[in-house]
Every structure is written in structure tokens, then in C-alpha cells.
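Before any comments, here is the structure.
Please treat every number below as a calculation from the coordinates, not as lab data. None of the values given here were measured: they were computed from a predicted structure. Counting neighbours? That spans all protein chains shown, and the Cβs are built from the backbone with ideal geometry, glycine included.
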Amino acid sequence: MDRERRIGQRCAGWLLATSLALALPGQSAIDRDAPTVEGRQAAVRLSGFYDPARGFLEATARLRFTGQAAERPLWLANELQLKSVSGGSMTLPPFSSDSGEFVVQCPAGGELVLDYGGRLSPGLQPLPAEPAGKKGADDCRILSHVMDYYPHPQGDFMAMDVTIRVPGGWSCLGSGVQRSVANGPGYDEYSFSHPLCKGMTLVFGRFRPLGVLAGEIPLRLYGWKGIDFRRYYVESDMAGIAGFYRGRFGPLPVPELAILFRRGEGFRGVSYSGLLVLNVDRRCKGVDPFDRETALETSLLAMADPATDLLAHEMAHQWWGGVVSWKQGNDNWIAEGLATYSSLLYLRQRFGEKRYRAACQRLRAGLERYAGAAVPADGAKLKVQFRDPAVYQALAYVKPALMLVELAGARGEDEVCRRLRGVLEARRGRSLDGREFLDLLADGDPGMRTWMNEWIFSKTMPQYPDKKN
């Protein structure tokens, strides 16, 4: 394989993995109540053309770095070929022959321009692909930020600005805020920006706007022809979840959220900063008591009903994952555990104390079956280590959430939420490891820190020393 080919391959693997964005000058997407982040490493502007049917992408990425000039690693998906680089120099690390990594050097304050292209199929979809032509399934193509569809600078959260053209007939949503839609001869052009994120994800399909729900955080709804989201969700509940979390955890870096409803197999979803994609079961005409009882019998994470559980969990990731993130895969219990705890808080507020306590007891019973298998600090490795997905759910989702339930029983829910909001404010737009998160949550209380360490780094579930009766 010649050097140019290897560079093209190495450019393609890393870009999307760190693609949540920082604020761009003059952008109004930032919630005016939201604190800003200093010391950002880079801003990314991307413009290009993508044909979802063929998987063909051609684009130009403009990267602007702050700080001193230094060598910086970039990643690009192996399927994409780097065509030209201007504004800096590029080298290929000897250890990255097939990794998708390359190194650039750009003067401080300068702009690095990279042209690239190739065929990049949306094969790493977080939602399962439906068989072609399956009746009732909605075809959805996702360029997730973890697919490295653009050259991405290593570092923390950044600013992103994306303009993408697609063939006529295709619609596009992006994580962040939609700035404009323009029609051209045979194509449509969509522009998105995000002031504070770790990656920009693009979703393509033949969907359309369904309306806007007003609230503390407005919700823009999208879906395919014929889908009726009201079969699964009450509009006031949808707006209520977003408003509830904002009251508990503070503002988001974007002023509104987009929600795309898709019919497919089962209830599942994925959350990107500013965008949720919710898979509703095409076999169900709605959520009724039978659906709820079935979920309670089959899912370790079931709390209210499948649709409410899905929305509450994915919405919580706008804060836990979108405002702060995790550094390594073994730290992802931070986002999953906090999203699960947030769902419990909403369940208590919406359905009352009895339903909340029943959900906590059920989660604890499920956790006790798997608590001796490993620890939450193993994080994403649990998905590989154990074939049973319930082990991963119990340890990465449930155990951190029940640790906070236990803490709230001793110190009060308001105190726990105050501490969690403090974490978000102190590390807004940053990625944390597990120990840093616990240090921030303990806020100088050594006894609390030691107790939380046992929950996360051991197989025990100790009661809080001064728990209220």
C-alpha cells in the first residue's frame, strides 16, 4: 500500500469520535443562561455533499486551533481518501499504519483545510438496520460522529458548523441547531451549528416536520409519512420531561431539541447533543397496560412504560453525555448511570412516590443478581466480557443510579441534584473520568467519596452511614 493511500485510510477513523462542538463567534445557539468554556482547542467547519443511497461523501473540513503550534493527531474513516491539505503540514505516525490516524501541525490561530472523499456507508448505526422493503419500517441512514466521517482534532468539546448537500427527496437532521435549508437544482442544502459539543451527527431519511412543542426547551418533531407519535406520547409529557430536567440540571448549550420518530423493531433510541432519534415499535399501535406489564417482565431497565422510559432516558443524555461526557469507554457508566437516575427522578415527579419506590425496588432486585459479576468502573468492556446484556445494564446503568438513590435517601434529593448540577457547571464542555466525577460529586466530603468508591470500584452496595429512616 503506497503512502498516499495509507494517509487516506488513516485520516478516516477518528474524526467523528470527538465531534461535539464549541461556540462559534456570532452564533446565537448558546442558551444565554449557559456558562461558556474557555481554552477550547479547535473549531471545525465542514461543507460537502453526501448521497445516502450510494454512501458517497465529498467534503472540505476547515479546522482552526487555539494555543501554541503543536503536532495534533487527526482521524478519518479508512474508507475516505484525503485529497489535499493546506495551511499546515502533515505526517503519518509509524505506529498508525492501519488506524486511520495522522498528525498535522498548524500555526496557532491558523486554519487547516483538508479536502477528502469516498464511499462511506452508514454501517455503524446505533439503531439496527431494518431488512430492505420491510413493511412498516422507516429507512434511516446515520453518519454518527463515531464513524470519523470528517477529520477530527483530538481534544475535548469544540465548535462545529456543518453545511451538507443531499440529493432531492432526502431530508437531513443534524445534532445541534438547524440554521437553514436551501433548495438547488436536484439537491437540498442543510446547515447546522453547535456551540458546545463533542461531535456532529447527521441523520438522513425521507421524513418531514410534524410540529413544534412549546416549553422551556422547545421540541421540533419529525417523522415519516403516516407515523403518529401521539399513539405513544402525550405532548404535555414530552415537553414536561425536557422542562423538568432543565430545572434540575440547568441549561443546555442549544436553545431547542429535535426529535425524530422512526418505526422499527422495539423501543430503542439514541441521543446526540440537540437531537434524539426514537425507534417506536412498528408492531404496536400504542402503549397500553399490556405493553407496560410485558416490559416489566422482560427488561431490567423498565420503570413506567416502554415509550416513557425511552424518552426520559435519551432526553437525560442531553445533559449526561451532551453537557459533560466521559473520557474512556470504562467511564461511560457516568452517562448511563446518571441518565437512569434522571429517569427515576422524573418517574417520581410524574407518577408519584409509590411508583418511584416500586421502580427502585425492582432495579435493586435486578442488580443483586449481577452485582458479583464485575464493577461499574469496567464500563463498556462489560458488553464484550459478558454475553448477557443484563450484566452491562445492571452494572453500568442501574448500580450508579441506585448509589444516588441511596445518597438521596440520606442527604435528600435536592442536595443530590445540587451536587450534580455543580458537576455540570464546573465541567461544562469537558470529558471526565470516573474518579474525577466522584471527586466533584463528593465536593470535599472524604466519607462520601470513600463510600461512592465502594459502589463504583467494588462489588459491594454499602448503605450510606447516616441514612435517614
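Take the residue pairs Lys225/Lys383; Lys198/Lys381; Lys83/Lys198; Lys354/Lys381; Lys327/Lys399; Lys327/Lys354 and return only those whose Cα atoms are more than 28 Å apart. Kindly include the intermediate steps, with their values, before the conclusion.
Details: Lys225/Lys383 35 Å; Lys198/Lys381 21 Å; Lys83/Lys198 25 Å; Lys354/Lys381 35 Å; Lys327/Lys399 20 Å; Lys327/Lys354 37 Å.
Over 28 Å Cα-Cα: Lys225/Lys383; Lys354/Lys381; Lys327/Lys354.
Hey, what's the Cα Rg ratio for the range 211-457 versus the globular rule of thumb, 2.2 N^0.38 Å? Present the calculation step by step, with values, prior to reporting the outcome.
Numbers: Rg = 17.3 Å, N = 247, 2.2 N^0.38 = 17.9 Å.
For the range 211-457, the normalised Cα radius of gyration comes out at 0.97.
Is the range 392-431 rounded, prolate or oblate when judged by the Cα gyration tensor, a ≥ b ≥ c being the square roots of its eigenvalues, rounded requiring a/c under 1.5 and prolate requiring a/b larger than b/c?
Numbers: a/c = 4.33, a/b = 1.15, b/c = 3.78.
Because a/c hits 1.5 or more and a/b fails to exceed b/c, the range 392-431 counts as oblate.
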- prompt: Looking at the range 396-469, which trypsin sites (Lys or Arg not before Pro) are in a loop (DSSP not H, G, I, E or B) and have at most 15 other Cβ atoms within 10 Å?
  reply: Lys459, Lys467, Lys468
